[in-house]
Structure formats: structure tokens, C-alpha cells
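The values are calculated or read from the model by the stated rules, or taken from the named source; none is laboratory data. Small disclaimer: the values here were computed from a predicted structure and weren't measured. Positions of Cβ are backbone-derived with ideal geometry, glycine not excepted, and every protein chain shown enters the neighbour counts.
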């Protein structure tokens, strides 16, 4: 077990919340605990998926589990259940923080066109596409 991996005590909390495998056939090569430790390592350190240590299994397998559970909402269900347990035990303090920071636009963002016709929407040969050079200026009446 590596330094940041889940201990047996920590693993006992999310383990019952994990989805059961529905497929019959060949058993998985890597335990879910190992794959989840790999996901946690990646999230904690920020390394690219391809640089995941080999002890967590192939990076494609770890990434596949992460994305599959992300798409079907498994991570959200696990987080909600663990937060509810921690809240019931009084381990979470729900503080609200409001930030009144002013966000300013970049100096080049000032004065941008908001209304009117953009050059892209003009039809070829329309009046506003006339050539305005001195030698090609329209004759004045």
C-alpha cells in the first residue's frame, strides 16, 4: 500500500456504496480498491493519466472506470452518501462564504461593438462594401 492509498478503515466506508458488477464471465484483473486508489492518486497529484504508477493497473482501465462512473452518476451518489454520513456524525461544518470581489474587463474589451451590422453579415455588393479609395470614389453630382 502506497502512502496516499486508502486504509482498511477508510475503505470500509465507501465500499458498500460501490455498484455491483452485472456482467458474467471473466472476473476483473484489478480490484476496484486498486483502481480507486489510482483515481485518487491522479486527482491528488494532478499527473496525466498516462503517467499513473503501474501499481494501480493500466491507466486506460483506471481512466475507464473514472469516466464510466462519472457519466452514470456513481461518483455523485457516493459523495452524497458520504457527506450525509459525515453530517449526521457532526463532522461537517457548513459555513457560507460570500465574495464581493470586483471582476473587471480587460482594457481591450472596452468599446467593443454591441449593435449594428458586422462585416461578416454584409452581402457582397451592398452599399457599405463600396471602395473608398480616392481614385475609385463615386462621382459626386
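Brief remarks follow.
- Residues in segment 71-90 that are in contact (Cβ under 8 Å) with a residue 60 or more places away in the chain and out of contact with any helix residue (DSSP H, G or I) (no Cβ under 6 Å at 6 or more places or on another chain): 77, 82, 85.
Okay, residues lined up against (1) at pLDDT below 90; (2) surrounded by 14 or more Cβ atoms within 10 Å (Cβ to Cβ); (3) in a loop (DSSP other than H, G, I, E, B):
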{"residue": "9", "(1), (2), (3)": "no, no, no"}
{"residue": "13", "(1), (2), (3)": "no, yes, yes"}
{"residue": "26", "(1), (2), (3)": "yes, no, yes"}
{"residue": "37", "(1), (2), (3)": "no, yes, no"}
{"residue": "42", "(1), (2), (3)": "no, yes, no"}
{"residue": "71", "(1), (2), (3)": "no, no, no"}
{"residue": "81", "(1), (2), (3)": "no, yes, no"}
{"residue": "103", "(1), (2), (3)": "yes, no, yes"}
